Structure formats: structure tokens, C-alpha cells
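Some notes on the structure that comes next.
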Amino acid sequence: MPMDANEIETLIKAALPDAKVEIRDLAGDGDHYAANVVSESFRGISRVQQHQLVYQALKGNMGGELHALALQTKAPD
């Protein structure tokens, strides 16, 4: 069963409460999303580490219920 965009946003915000999260369904199938995540938690860490934090927030759903996530992360300006 595909994940809902709201569920993805909820999981990310649970792990990164200050995050501003925008989710787009890229294919209309509930399997392919793009996410833009802005969080102070990302300040001073590499892009890879930022993405790892988001993937950890998804609690193992990547590759299962969530097939693809195009991810852009950054600290606030």
C-alpha cells in the first residue's frame, strides 16, 4: 500500500519538529514523491547527513511503501 504525502510529512516533522516540509506526488501513484525539507537540525552537517536524518525519520518505509523520494534539504537562511 502506498504512503500518503501527509504521512510522510508527519513522520519527518515528528523527528524534526522545527522542519518546514513540502511534499509533491511526482507520478500520482503514491510511490514517487519529492520533498523539500528545511530544518535548523541541518546546520553544519553535510548534505548526506541531512538526507540520512530524513530517511531515519521515515522509519524504514523507504524502498517499501515509499518507492522513491527526490529529496532536497537545507538549513534555514
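Would the stretch 15-29 turn up any residue that is under 11 Å from the mean Cα position of the chain (by Cα) and part of a helix (DSSP H, G or I)?
In the first step, residues of the stretch 15-29 are kept if they are under 11 Å from the mean Cα position of the chain (by Cα); the result is 15-16, 19-24.
So of that shortlist, the ones also part of a helix (DSSP H, G or I) come out as 15.
Yes.
This table checks each residue for (1) hydrophobic (A, V, I, L, M, F, W, C); (2) modelled with pLDDT of 95 or more.
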position: Asn6; (1), (2): no, no
position: Lys13; (1), (2): no, yes
position: Asp18; (1), (2): no, yes
position: Val37; (1), (2): yes, yes
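Being part of a strand (DSSP E or B) and more than 13 Å from Leu11 (Cβ to Cβ) is the filter; apply it to the stretch 30-70 and report the residue that is least open to solvent (accessible area, probe 1.4 Å). First the steps, then the outcome.
So in the stretch 30-70, the residues part of a strand (DSSP E or B) come out as 32-38, 62, 66, 68-70.
Filter once more, keeping what is more than 13 Å from Leu11 (Cβ to Cβ): 32, 34, 36, 38, 68, 70.
Numbers: His32: 60, Ala34: 7, Asn36: 51, Val38: 29, Ala68: 31, Ala70: 54 Å².
Result: Ala34.
Can you pull out every residue in the stretch 63-77 that is in contact with a helix residue (DSSP H, G or I) (Cβ under 9 Å, 6 or more places away or on another chain) and within 13 Å of Asp4 (Cα to Cα)?
Passing the criteria: Glu65, Leu66, Leu69.
Restricting the first residue to the stretch 49-77 and requiring it to be closer than 17 Å to Asp31 by Cβ and acidic (Asp, Glu), which pairs with a second residue that is open to solvent by 50 Å² or more (accessible area, probe 1.4 Å) and outside any loop (DSSP other than H, G, I, E, B) meet a Cβ separation below 9 Å and a spacing of at least six or different chains?
Within 9 Å, the pairs are Glu65/Glu7.
The values are calculated or read from the model by the stated rules, or taken from the named source; none is laboratory data. Just so you know, these numbers come straight off a predicted model, no measurement behind them. Neighbour counts run over all protein chains shown; Cβ positions are idealised from the backbone, glycine included. Calculation scope for accessible area: heavy atoms of the full protein, side chains included, ligands and nucleic acids excluded. Shrake-Rupley method; radii C 1.70, N 1.55, O 1.52, S 1.80 Å.
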